[in-house]
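As structure tokens, the structure follows; a few thoughts come after it.
The values are calculated or read from the model by the stated rules, or taken from the named source; none is laboratory data. Because the structure is a prediction, the values reported are computed rather than measured. We place every Cβ from the backbone using ideal geometry, glycine too, and count neighbours over all the protein chains shown.
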Amino acid sequence: MALLLKKPTSEDKLQVLGKTAEFDVCGIPRLFSPPGKKLQRFKFIYPAVGKGGCVRLFKVLQTNFCEGNCFYCANRKDRDFNRISFSPDELARLFVQYHQRGLVDGLFLSSAIYGSPTQSQEQTFKTLYLVRKKYGYKGYIHYKVLPGCNATLMEKCAAFADRLSINLEAPGHHYLSKLSPTKNFSSQLLAGLEKIALLNKERPLKAGITTQFVVGAAGEKDKDILSLSNQLYRKYKLWRIYYSGFFPMKNTPLENIPPCPPLREFRIYQADFLLKGYGFTPEELPFEESGNLPRDVDPKLAWALSHPEKFPVEINRADYWELLRIPGVGRVSAKRVIKRRKEGRITTLEELKGAGCVVKRARNFVTLSGKFSPSGEKEERNTNYQLFLWEEI
Ligand code: SF4
């Protein structure tokens, strides 16, 4: 392990501990990350998607000293690089200064595991407590719970955070064993998620609970991930699930595994939305024989193209859930269509466009008062359609 010869300043630490926090995602898939200059200049400020749009999170690890040795992770014990830590007050003060300067909108606080999970969690809890109590910060905090941390401490954290999360990393023990030699999927990760779900049920957190998967490092299939995601949404009422495409780190055992294509990550997000908000079941998702989603077409269009018996849908009669199945119609536009119908029948493509539908796509799947007006063009298997899925994140 390399030693630092000169005492690092707080800003030096931010550069290092902010950079290594990037693998904890909480926002926009890489395919659509905005290349904002300001965000690039500060390696510890990350874009995330909030209710009102894109927010800037001050995202940092309390320490990168780690007892863990996960095969993919930059912070793993056996990797030789500079180790560094913030004291709780140093980190709390720094964050509040950045917030007061208007450079960030919220805090994402996490840590590697130094000593035991509970010891590390005590340090981040102190930071959390100081940010709230000493510095009086009232805004958004996403607080990462470490697997194996004790339950009493989790309860204390829940009282100060807006969101709690614990990373499951892989869809089951078999895949997790390819990522980590020590973590136990059921007794540590799933049990931890269950605990924060219970806390959220007893006293709902403002921004709920979330989890995260690493995609593409363990040979898991999209189907494995999304089937588990579906169960997690139903059982634990997760606010969101994040999917972090694997990226190989030098000097780790997985350095020669190819990175996850950003499009794979994006397709999984799209399918996740179909499960969470569009009434789809995992069995309805258009997995290929390989168990993965097609990359050249968004999953909702793929489903529609393989179910010609369901179309065209009469736009003036369809209920909310039928509208949601139409390519080019999202949750906001489906509600607008229903509202607009109260004023009279929708008979033109302009009216459909006025409700926010992507007419170029929807017209191939609907009738307007019995009239079918397809574009006449063959459906493109275009990568960037269905972006409207992001309209309400
Ligand atoms: S526990 Fe594993 S994933 Fe977490 S910081 Fe340590 S090596 Fe990385």
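Key figures for this structure:
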{"item": "Among the candidates LEU176, LEU153, LEU146, residue that is among the hydrophobic types (A, V, I, L, M, F, W, C) and modelled with pLDDT of 95 or more", "result": "LEU176"}
{"item": "Filter result (more than 16 Å from the ligand (Cβ to nearest atom) and closer than 15 Å to LEU61 by Cβ) within the range 123-139", "result": "PHE125, LYS126, THR127, LEU128"}
{"item": "Residue within the range 58-65 that is within 15 Å of the ligand (Cβ to nearest atom), more than 23 Å from the chain's Cα centre (by Cα) and touching a residue at least 12 places away in the same chain (Cβ under 8 Å) present", "result": "yes"}
{"item": "Subset tally (residues that are over 22 Å from the mean Cα position of the chain (by Cα), closer than 24 Å to LYS126 by Cβ and either within 15 Å of the ligand (Cβ to nearest atom) or in a loop (DSSP other than H, G, I, E, B) (or both)) for the range 66-88", "result": "10"}
{"item": "Residue satisfying all of: in the range 140-163; more than 16 Å from the ligand (Cβ to nearest atom) and out of contact with any helix residue (DSSP H, G or I) (no Cβ under 7 Å at 6 or more places or on another chain); farthest from GLU194 (Cα to Cα) among these", "result": "TYR140"}
{"item": "Residue check for ARG331: charged (D, E, K, R), touching a residue at least 24 places away in the same chain (Cβ under 8 Å) and outside the structural domain of SER229 (by TED's automatic domain parsing)", "result": "yes"}
{"item": "Extreme residue, farthest from the chain's Cα centre (by Cα), among residues of the range 190-237 that are in a helix (DSSP H, G or I) and without any contact (Cβ under 8 Å) to a residue 12 or more places away in the chain", "result": "GLU202"}
{"item": "Some residue of the range 89-105 being within 16 Å of the ligand (Cβ to nearest atom) and either out of contact with any Phe, Trp or Tyr (no Cβ under 8 Å at 6 or more places or on another chain) or in the same structural domain as GLN119 (by TED's automatic domain parsing) (or both)", "result": "no"}
{"item": "Residues of the range 275-303 classified as in contact with a Lys or Arg (Cβ under 7 Å, 6 or more places away or on another chain) and assigned to a helix (DSSP H, G or I), total", "result": "2"}
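Table: residues versus (1) farther than 21 Å from LEU274 by Cα; (2) out of contact with any Phe, Trp or Tyr (no Cβ under 9 Å at 6 or more places or on another chain); (3) in a loop (DSSP other than H, G, I, E, B); (4) at pLDDT below 95.
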| position | (1), (2), (3), (4) |
| --- | --- |
| ILE326 | no, no, yes, no |
| VAL329 | no, no, yes, no |
| LYS335 | no, no, no, no |
| THR347 | yes, yes, yes, no |
| LEU352 | yes, yes, no, no |
| GLU377 | yes, yes, yes, yes |
| THR383 | no, no, yes, yes |
| LEU389 | no, no, no, yes |
